[in-house]
């Protein structure tokens, strides 16, 4: 009798298991077969608020409008944090599951998932007649394919507070053009009892920006940076790392805010509009927000980053398409995802984005006539500079996180010298090579073949 | 033929003996799936580099790489430094428990106040303290107003102080747990011993440290082991939220090192450190079991 019971329980367990397997398999095949762009449930991991304040509200509004126009499409927007943008996706992607649409920063953070087989080329789903209007697509090309959709242009202008300049006896209409001018202005501002330059670097992003804005200036091209990443050039060469001394000098001379090492990067971005520092560099979105507080062009000035280096990139600007959206490999609705991303580039949505954030959409169809504010016009001109490079895009995400961010922290906290920072970079480059042989191979291939 | 010749009673007994194992089997299977499988996977993964999809066999290279890595050594050293928080936690906890044990007025309220931080989420506390401890945060502003500028330090931005700040936060939160455990232990002691000591003329200090504390010694030992394990492998939240391991890696700990490695896709490296941490925790858990057994035996 007991044996019969055991057999019955085992039989029932097997039957339930088989039924569950069959149901799952059937539902999967049904889902795969039904990639209807107008009938899908999508999860979108979105990031943009830190670059473009107002972006989170904008995406929610556009999703609601899209769902209204496509009643059978449901889009679940999950906003992402800056600190974990790369790590959260990398972690979830290793299980071959996660969102249908993900957001990453341009180039390496976007191409690395592509090389790992976690995303599909967006150019396979969106016609060239559409993508030709998108700006900055070159940042996300690999193997002749486009892997992501740019959303907005992100320029980092240098900004100064005109009232503070006046107080320090400086010409408020003129921002520093060279590093020598910048240091001279900083000296006068400090003498006037003001904090010359503000940023936050508890999380390392302040230092990473310093690398991207100042560090690139001794290079002639991005190719030189790529060569250093794969060991074909020595990163310890002062050409690459001389900027650490410039950062250390700012700290030593007391030109940085005293809490630079203990406040976060987003807190640091707020210092300028809080009138706590006289100079800074901020995103286009933050510059727009600051203009509202400081009284527009009367209260603040914007301009290019002061020239520090002697390379060809010294006078380049820093526009990047910053964050972009791509479709994941495991999405069961790539067509639906692509259709929604194309919607985000429709004329009205582009206008809505600019109205909500003050940041320019990465699309040639965005009418420049909408930009009427004198400061914003200046920013748009800068964003469309002939040469624009954001070097951080070309640093492997692991090296960016473990070396680029941490090395700057050593300097701003005063706990390490420029030599220590360089040593850290070299150690992390070597670790990346040994821990990610596949990524290293793909990167090297990309460097040589594009 | 052999089965047929076996007496039916013996067969029945054997079946009865086997039944408990059948009942245990599902739980055993679940445990093996939930704990055994991941454990084996982590150990296996520690010998590979690259992604899960394209693992590359590297033997002991992950372990060698980790031991050669200055960042790992700093993380390990920080875990050791945080161990210094354990005697502080226990000493303060015991002192407060002894005072409260004197049935002072408002004892329950004091107990609740001391215990409150323990029930607050570590993440929320970490965020609050990350604002309080900034260079121009609430603590330093307060100190400067009291003309104690010398004490106003960059608690999070100074590489020497960041780990001290983490330790301070751990003590602040875990203190309540120690107080509650010690108070419970003291309240469970037979009052006759203390009464007898008082009649014999023992002063307050003698009563506490010669009569009461020796009686709760097994609890002190047990709590010591528990807090050591906590400090070794449960401090990720505090470090991540308060300092993210910085400046540089000056306040990193082993858990953060594992997380950082795994989240950048260096699975093999993360696995090798996880195996090392598991080994250390296993030793401490063994010690904890030994202490507990001793405590039970002496009870």
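The values are calculated or read from the model by the stated rules, or taken from the named source; none is laboratory data. The model shown is predicted, which means the values in this text are computed figures rather than measured ones. With ideal geometry, Cβ positions are generated from the backbone for all residues, glycine too; neighbour counts draw on all protein chains shown.
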> Looking only at region A:431-445, which residues are part of a helix (DSSP H, G or I), buried (at least 20 other Cβ atoms within 10 Å of the Cβ) and either more than 8 Å from chain B (Cβ to nearest Cβ) or within 23 Å of the chain's Cα centre (by Cα) (or both)?
Replying inline: A:432, A:439, A:443
>> So residue A:356 ticks every box in (1) within 14 Å of chain B (Cβ to nearest Cβ); (2) farther than 30 Å from residue B:51 by Cβ; (3) part of a helix (DSSP H, G or I) but one. Which box is left unticked?
In response: (1)
> Among the residues of region A:87-112 satisfying the criterion of being part of a helix (DSSP H, G or I) and touching a strand residue (DSSP E or B) at 6+ places or on another chain (Cβ under 7 Å), which is nearest to the other protein chains (Cβ to nearest Cβ)?
Replying inline: A:89
> If residue B:256 passes every condition in (1) in contact (Cβ under 8 Å) with a residue 40 or more places away in the chain; (2) over 22 Å from residue B:114 (Cα atoms); (3) away from every other protein chain (no Cβ under 14 Å) but one, which one does it miss?
Replying inline: (3)
>> Just to check your reading of the model, which residue among B:104, B:127 is surrounded by fewer than 15 Cβ atoms within 10 Å (Cβ to Cβ) and either touching a helix residue (DSSP H, G or I) at 6+ places or on another chain (Cβ under 6 Å) or within 14 Å of another protein chain (Cβ to nearest Cβ) (or both)?
In response: B:127
> Which of the residues spanning region A:189-216 are more than 23 Å from residue B:251 (Cα to Cα) and within 14 Å of chain B (Cβ to nearest Cβ)?
Replying inline: A:195, A:198
>> Can you say whether residue A:231 is assigned to a loop (DSSP other than H, G, I, E, B), within 14 Å of chain B (Cβ to nearest Cβ) and touching a residue at least 12 places away in the same chain (Cβ under 8 Å), as far as the supplied structure shows?
In response: no
> If you take the residues of region B:50-62 that are over 10 Å from residue B:272 (Cβ atoms) and not in a loop (DSSP other than H, G, I, E, B), which of them is nearest to the other protein chains (Cβ to nearest Cβ)?
Replying inline: B:56
> Only one residue in A:428, A:409 is assigned to a helix (DSSP H, G or I), within 14 Å of chain B (Cβ to nearest Cβ), within 20 Å of the chain's Cα centre (by Cα) and within 15 Å of residue B:246 (Cβ to Cβ), so which one is that?
Replying inline: A:409
> Filtering region A:273-305 down to residues that are closer than 20 Å to residue A:205 by Cβ and more than 21 Å from the chain's Cα centre (by Cα), which residue is nearest to the other protein chains (Cβ to nearest Cβ)?
Replying inline: A:276
> Quick one: which helices (runs of 4 or more DSSP H) sit completely within region B:214-279 and have at least 2 residues that are under 28 Å from residue A:436 (Cβ atoms)?
Replying inline: B:236-242, B:254-263
>> So residue A:237 passes all but one of these: (1) surrounded by 24 or more Cβ atoms within 10 Å (Cβ to Cβ); (2) at pLDDT 95 or above. Which condition number does it fail?
In response: (1)
>> Let me confirm something: among B:234, B:205, which residue is modelled with pLDDT of 90 or more and closer than 30 Å to residue B:189 by Cβ?
In response: B:205
>> Can you say whether residue A:39 is at pLDDT 90 or above, surrounded by 13 or more Cβ atoms within 10 Å (Cβ to Cβ) and over 28 Å from the mean Cα position of the chain (by Cα), as far as the supplied structure shows?
In response: yes
